[in-house]
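Single-structure report; data block below.
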Amino acid sequence: MKEKLKSHKSTVEALVFLALFIGVFGILARYMGGKNLLGTIMHTAHDLLLNTVFYLMGITVLTGALSKLLSEFGVVSLLEKVLRPLMKPLFNLPGVAALGAVMTFLSDNPAIIALGKDRTFASFFKKYQLVSLTNFGTAFGMGMVVMLTMVTFGHTGAAFIGFFGAVCGSIISTRLMQRFTLRAYPDMAEPVLEEESGEKQAAVEEKKDSLFMRFLNAILDGGKNGVDLGLQIIPGVLIITTFVILITFGPNADTGTYDGGVGQGVPVLPWLAEKIHWVFEWLFGFTDMRLIAFPMTALGAVGAALGLLPTFNAAGFFDGNAIAVCTAIGMCWSGFLSTHTAMLDSLGYRKLISKAIAAHGIAGLCAGVIAHFAYILIF
């Protein structure tokens with residue numbers, strides 16, 4: 001009887017999956033054309049591999065080497081002692097986690113993975129805290145690029161208000177992720193590497209190599225870890241980001257037609273957002289609903305979202321409030337739909353992907369709301 005029910009359930013799941021799969025891609029093919037849809041998927045995935053994944057791999061190699069250096073020469077332990085009073089009450093994270101915010105702010109989201117995989121760094125965390133690093137670090141991803149881009153539009157104060165909103169969003173996202181994780185898996189309150197404290201101390205006492213050899217070994221070992229991490233994020237980036245692009249962007253901007261090129265799709269996400277435009281008007285103060293395209297695009301790639309800004313500015317509706325809100329959402333979300341999956345997968349916690357996405361989705365919206373009302377209060 002149980003086998004029969006199991007077989008029936010499996011059949012129903014298969015039919016439902018096929019219906020959804022054919023339905024989604026059937027609709028996309030109807031608008032784009034089957035040949036163009038396949039061409040766009042292949043060309044977009046290839047472009048992401050060459051121009052995004054290898055770029056991210058470069059980041060993970062460099063940050064892996066840097067994190068290993070910082071661990072080798074005691075900077076990690078020093079950060080833990082100095083920043084503990086700030087990090088614990090705000091993020092419920094050890095002080096050393098601030099290093100992850102700095103690295104992702106200067107580079108991109110995956111920089112946090114290199115730290116999370118470092119045994120010395122991870123030894124400061126409990127398991128539920130370690131997985132929340134994906135949410136914590138993502139909220140600062142590409143922060144410098146976003147901030148500098150926004151400042152070029154002449155509203156420096158608004159950009160810093162947006163930064164404040166992103167920090168608030170990071171707190172919300174990190175705390176929610178920790179809460180969701182502990183509620184579902186109470187056993188993750190244990191330390192990550194409880195047995196390693198003695199090993200860590202022994203490693204410090206047994207360092208007999210010269211400073212040059214310690215430096216060389218650290219950057220080479222850290223760089224190798226970065227290469228491994230770069231390879232691990234390939235499936236998530238290619239699959240998730242390609243799909244997000246397919247439902248975010250439109251046809252070729254120059255010809256207005258589909259030709260199977262890179263980055264084309266059917267703008268389903270912007271269309272859905274337009275149906276509840278009044279929500280965005282009240283929460284974010286958007287005066288033009290085309291601004292919705294920024295947060296929708298930032299879900300998949302904040303770099304692509306930044307490419308929309310010159311058009312917004314030329315149209316005359318990219319004001320100070322829009323800059324504050326877009327800075328907050330752009331930094332906080334920073335393409336998390338296309339990176340959270342790969343990041344948690346590489347850390348070995350694939351089961352928590354849905355919780356991380358839910359927490360960060362809520363936090364990004366909160367970041368935008370906080371930035372909007374803070375802008376109103378100040379200006």
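Give the residue that is nearest to Met147 (Cα to Cα), with candidates limited to residues of the range 299-315 that are buried (at least 20 other Cβ atoms within 10 Å of the Cβ) and free of Cβ contacts under 8 Å to residues at least 40 places away in the same chain.
Here the residue is Ala305.
Condition first: among the basic types (Lys, Arg) and within 21 Å of the chain's Cα centre (by Cα). Can you find one or more residues in the range 166-182 that meet it?
Among the residues of the range 166-182, at least one is among the basic types (Lys, Arg) and within 21 Å of the chain's Cα centre (by Cα), which makes the answer yes.
The conditions are (1) part of a loop (DSSP other than H, G, I, E, B); (2) surrounded by fewer than 19 Cβ atoms within 10 Å (Cβ to Cβ); (3) in contact (Cβ under 8 Å) with a residue 24 or more places away in the chain, and Gly265 fails exactly one of them. Which is it?
(2)
Does Ala367 satisfy the condition of being out of contact with any Cys (no Cβ under 6 Å at 6 or more places or on another chain), surrounded by 24 or more Cβ atoms within 10 Å (Cβ to Cβ), assigned by TED's automatic domain parsing to the domain that holds Ile234 and assigned to a helix (DSSP H, G or I)?
Here the answer is no, as Ala367 does not meet what is asked.
Restricting the range 335-355 to residues that are assigned to a helix (DSSP H, G or I) and within 10 Å of the chain's Cα centre (by Cα), which is modelled with the lowest pLDDT?
In this case the residue turns out to be Ser338.
Take the range 55-114 and flag every residue that is outside any helix (DSSP H, G or I), more than 19 Å from Gly222 (Cβ to Cβ) and out of contact with any Asp or Glu (no Cβ under 9 Å at 6 or more places or on another chain).
Asn92, Leu93
Out of all the residues in the range 115-143, which are aromatic (Phe, Trp, Tyr), part of a loop (DSSP other than H, G, I, E, B) and crowded, with 24+ Cβ neighbours inside 10 Å?
Correct list: Phe140 only.
Going through the range 281-304 one residue at a time, which ones are at pLDDT 80 or above and in a helix (DSSP H, G or I)?
Correct list: Glu281, Trp282, Leu283, Phe284, Leu291, Ile292, Phe294, Pro295, Ala298, Val302.
Tell me the residue from Asp254, Asp228 that is assigned by TED's automatic domain parsing to the domain that holds Asn109 and either among the aromatic types (Phe, Trp, Tyr) or farther than 28 Å from Leu56 by Cβ (or both), please.
Only one candidate qualifies: Asp254.
Can Thr52 be described as modelled with pLDDT of 90 or more, hydroxyl-bearing (Ser, Thr, Tyr) and either farther than 30 Å from Ser210 by Cβ or assigned to a helix (DSSP H, G or I) (or both)?
no
Quick check on my filter: what residues within the range 81-108 are more than 14 Å from Ser132 (Cα to Cα) and surrounded by fewer than 19 Cβ atoms within 10 Å (Cβ to Cβ)?
Lys81, Val82, Leu83, Arg84, Pro85, Leu86, Pro89, Val102, Leu106 - these are the residues of the range 81-108 that are more than 14 Å from Ser132 (Cα to Cα) and surrounded by fewer than 19 Cβ atoms within 10 Å (Cβ to Cβ).
The values are calculated or read from the model by the stated rules, or taken from the named source; none is laboratory data. Note that the structure is a prediction, hence the values are computed from the model and not measured. Reconstructed Cβ throughout: ideal geometry from the backbone, glycine too, with neighbour counts over all protein chains shown.
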